Amino acid sequence: MAATRLIAMHQNAGKSIGQCLSARLDYVTDEEKTRKRNEDEEEEKSKYITSYACNAAIAKEEFMDSRNEYVRITGRQYEGDIIAYQIRQSFKPGEVTPEEANAIGYETAMRFTRGQHQFVCCTHVDKEHIHNHIVYNSVNLHCDKKFRDSWFCGIGLRTLSDMICLEHGLSVIEPYKHKGKKPVYQKSYRQVIRDVIDKILAEKPKDFESFISELKKAGFEIKEGKHLAIKSPGRKNFVRFDSLGKDYSAEALKAKFEGSEISKDSRKGKPFDLLIDIQEKIRQGKGKGYINWSQKFNNKAMMKTLLYLNDKGIRSYAELKDKADTSSASFKKITDNLKAVEGRIDKLSNLRKHILAFSKTKAVFEEYKKKRYSKAFFEAHREEITKYRAAKKAFNEYGQKLPTVKEINKEIDQLMHDKKALYKEYYLKRDDNKSLQEAKRNVEMFLQMDNKEADKQKQRTQPVR
């Protein structure tokens with residue numbers, strides 16, 4: 001994943017707008033930061049700078065031209081106005097190449113601004129972590145509007161960046177444990193061991209024995225027996241792998257090298273992280289089945305599912321299924337309640353219509369009876385007599401004492417109030433239920449594909465008799 005931040009750029013005190021833009025653009029396009037020297041060659045690689053709807057070398061002048069045109073067209077010019085925006089996008093060390101980072105930054109800027117603003121995307125390679133600086137003009141390409149920043153823009157940018165990173169197969173989603181600023185703390189003994197295990201797993205050892213061998217090479221001592229244990233250099237006591245956390249137990253670590261067992265264990269509720277496993281499979285791209293699946297979903301459906309599950313804190317298939325089933329039952333209940341309320345409103349409205357019609361046509365029908373049901377009288381008063389008979393039929397079907405029109409109006413008013421409240425809940429539950437059912441469907445299809453791949457792998461490895 002990439003850490004992102006959206007920064008609004010204002011005019012600094014004592015400087016012109018052009019000077020502020022120049023200072024920022026000079027910093028992000030600095031050759032010392034955007035060039036990387038080859039290890040085997042003395043010459044340097046070309047700068048990692050791309051731009052859209054402007055020339056990076058004269059971006060300041062082009063930004064200013066757009067701004068001046070905006071002032072000319074709209075006549076709007078405010079003190080303390082935002083002159084440009086900057087996006088900072090930092091990547092995990094060793095995860096991307098400079099070319100890849102720049103392509104991700106360019107795509108992020110293009111999709112975030114929807115191609116409506118000039119921007120320059122510069123990838124800095126002077127630090128351990130590769131990071132992008134994207135500066136885009138606050139004025140749009142037509143010079144008649146400006147980018148409207150809000151608190152939600154930062155959230156939208158982060159979500160978009162996460163989506164693009166997932167689409168490019170970057171790091172897996174880690175469980176979100178804390179809201180707000182993380183406390184500063186010293187790493188515990190077990191955390192040091194977990195970090196080393198993660199580093200070795202990232203190098204993809206071929207089997208569990210190779211994994212244990214790499215731990216020993218790193219200076220750790222391994223004790224086998226009923227419970228697998230590990231001891232760091234300079235420490236007196238062993239600690240069990242099971243005490244490092246559910247993802248670091250001996251069983252969980254062995255499962256990582258057994259292929260099909262991972263997806264099967266997820267359905268049995270064993271220690272397992274659904275999101276991490278799914279993305280690892282996508283990144284590996286094993287088999288024709290995954291290629292077909294990726295083409296069918298264009299990968300974006302699963303990326304949205306991963307982000308949704310991470311946002312909701314759902315880390316296992318069992319939890320996802322439980323939430324989806326509960327949501328489905330809850331949504332059905334509120335839908336049934338809505339249908340019942342609307343049915344009652346229709347019934348009362350229809351009854352009210354017949355009561356009013358009955359009172360208006362009663363005298364005509366009484367006259368019709370006095371005329372001994374004369375055909376001539378019927379033809380002359382067909383509409384009134386028909387309404388009267390329809391009302392009498394409705395009263396008989398109602399089967400109980402008729403309410404007054406006033407009582408009906410009062411009940412309908414209450415039912416309309418209930419209907420309004422139910423619809424608010426309906427729309428909330430509908431959207432949440434839709435997201436959960438889509439996530440469940442995508443995950444089930446993915447796990448089904450995973451099991452098919454595992455079965456094929458098992459068949460290939462079985463000896464021929």
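No value in this document is a laboratory result; all are computed from the given coordinates. Bear in mind the structure is a predicted one, so any value in this text is a computation, not a measurement. Here the Cβ positions follow ideal geometry from the backbone for every residue, glycine too, while neighbour counts run over all protein chains shown.
How far, in nm, would the chain grow between Arg382 and Ala301 when pulled straight, counting 0.36 nm per residue and subtracting the alpha carbon separation? Numbers along the way, then the final one.
Working: separation 81, 0.36 × 81 = 29.16 nm, distance 6.20 nm.
Gain in length upon complete extension: 23.0 nm.
FRET efficiency for Glu209 and Ala13, Cβ-Cβ distance as r, R0 = 60 Å, nearest 0.05?
Numbers: r = 65 Å, r/R0 = 1.08.
So, using R0 = 60 Å, E works out to roughly 0.40.
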Cα-Cα longer than 26 Å, checked against Lys127/Lys236; Lys127/Lys312; Lys206/Lys312; Lys347/Lys406, kept in input order, equals Lys127/Lys236; Lys127/Lys312; Lys206/Lys312
extent check for region 380-432: Cα max minus min per principal axis, descending, whole Å, gives 58, 22, 18
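Given 0.36 nm per residue, what is the gain on full extension from Asp195 to Ala421 after removing their alpha carbon distance, in nm? Please report the intermediate quantities before stating the final value.
Working: separation 226, 0.36 × 226 = 81.36 nm, distance 5.07 nm.
Extra length from Asp195 to Ala421 when fully extended: 76.3 nm.
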Per the 1/(1 + (r/R0)^6) rule, R0 = 56 Å and r from the Cβ atoms of Glu444 and Asp65, FRET efficiency to 0.05 is 0.55
Of 231-244, 370-383, ordering from highest average Cβ density within 10 Å down gives 231-244, 370-383
Here the averaged projected area of region 1-127, based on the convex hull of its alpha-carbon atoms and given in nm², is 9.0 nm²
Subtracting the Cα-Cα distance of Lys231 and Ser349 from 0.36 nm times their residue separation yields 34.6 nm
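Exactly which GluC sites (Glu not before Pro) in region 66-158 are in a DSSP loop and have at most 14 other Cβ atoms within 10 Å?
Details: sites: Glu69, Glu79, Glu95, Glu99, Glu100, Glu107, Glu128; in loops: Glu79, Glu95, Glu128.
The qualifying sites are Glu79, Glu128.
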Region 147-168 scanned against label point 7 Å out from Ile73 along Cα→C-beta; backbone N under 13 Å for 147
Low-density loop chymotrypsin sites (Phe, Trp or Tyr not before Pro), region 85-135, at most 16 other Cβ within 10 Å, DSSP non-H/G/I/E/B, are none
